[in-house]
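Down below is the structure, laid out as structure tokens.
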Amino acid sequence: MEIKIGVADSPRELTVSTADSPDQVEAIVAEAMRNAQGMLILVDDKGRRYMVPTSRVAYVEIGPADSRRVGFSVG
């Protein structure tokens with residue numbers, strides 16, 4: 001699953017890939033957003049931690065991971 005986090009005053013979004021379910025991620029985000037002075041902390045598939053101050057979170061998009069295809073197709 002892929003999570004995209006928009007950070008205020010930043011032109012790029014933060015993308016995190018995780019094996020957690022959408023419901024688990026939503027619960028983590030909702031709990032973090034209850035405290036305006038808190039931190040949103042997510043852990044990716046490789047064990048890296050991403051920490052974003054909740055006051056800087058512009059949006060969170062939770063969706064399936066994009067499967068990138070390699071090669072050519074005949075159309």
Can you run phi through the Karplus equation (6.51, -1.76, 1.60; θ = phi - 60°) for segment 35-40 and list ³J(HN,Hα) in whole Hz, with x for Gly and Pro? 10, 5, 9, x, 10, 8
Principal-axis tilt of helix 22-33 within the chain, Cα atoms, nearest 10 degrees: 30 degrees
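Bear in mind these aren't lab numbers, they're just calculated from the coordinates by the rules spelled out. For clarity, every value in this text was computed on a predicted model and none was experimentally measured.
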